[in-house]
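Just below is one structure, and these are the notes that go with it.
Taken together, the values in this text are just the output of simple stated rules run on the coordinates, not laboratory data. None of these values were measured; they are calculated from a predicted model. Cβ coordinates were reconstructed from backbone atoms using ideal geometry, including for glycine residues, and neighbour counts include every protein chain displayed.
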Amino acid sequence: MAFMLTRIQVDDYEAWRPIFESDPPGARKAATGHRILRGSEEPNEVFIQVEFASCEDANAARERLLASGVLDRVTLKAGPTVAEEAETVHYP
């Protein structure tokens, strides 16, 4: 399992969300799921985790995302970075 991780600052989360959902660059077309988190003190700071079956799929998505220019509309804080899962632990 692989993930594309991105941290951005948006001007208005509610305005940004429909753009994310429409996925203009097609970055999530091979994704198996995603998670969006918002900063508790700064709700326009957005953390995005997109899950893929392989690093190849995640890297291809990263390239599509970068080439699209869609990240030019937000303040990029970190990423997009592709990472492989090393461990997942759930606590009761």
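What the table below lists for this structure:
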quantity: Within the range 32-41, considering residues that are out of contact with any helix residue (DSSP H, G or I) (no Cβ under 7 Å at 6 or more places or on another chain), touching a residue at least 12 places away in the same chain (Cβ under 8 Å) and more than 12 Å from Thr6 (Cβ to Cβ), the one surrounded by the fewest Cβ atoms within 10 Å (Cβ to Cβ); calculated: Gly33
quantity: Only listed residue being assigned to a loop (DSSP other than H, G, I, E, B) and more than 19 Å from Glu85 (Cβ to Cβ), chosen from Glu42, Glu14, Glu21; calculated: Glu42
quantity: Hey, Val46 in contact (Cβ under 8 Å) with a residue 60 or more places away in the chain and not polar (S, T, N, Q) or not; calculated: no
quantity: The lone exception for Ala27 - which of (1) farther than 12 Å from Met4 by Cβ; (2) crowded, with 17+ Cβ neighbours inside 10 Å it fails; calculated: (1)
quantity: Residues of the range 52-73 that turn out to be among the hydrophobic types (A, V, I, L, M, F, W, C), surrounded by fewer than 17 Cβ atoms within 10 Å (Cβ to Cβ) and not in a helix (DSSP H, G or I), as a count; calculated: 1
quantity: Index of the failed condition, Arg17 passing every other in (1) surrounded by 13 or more Cβ atoms within 10 Å (Cβ to Cβ); (2) in contact (Cβ under 8 Å) with a residue 60 or more places away in the chain; calculated: (2)
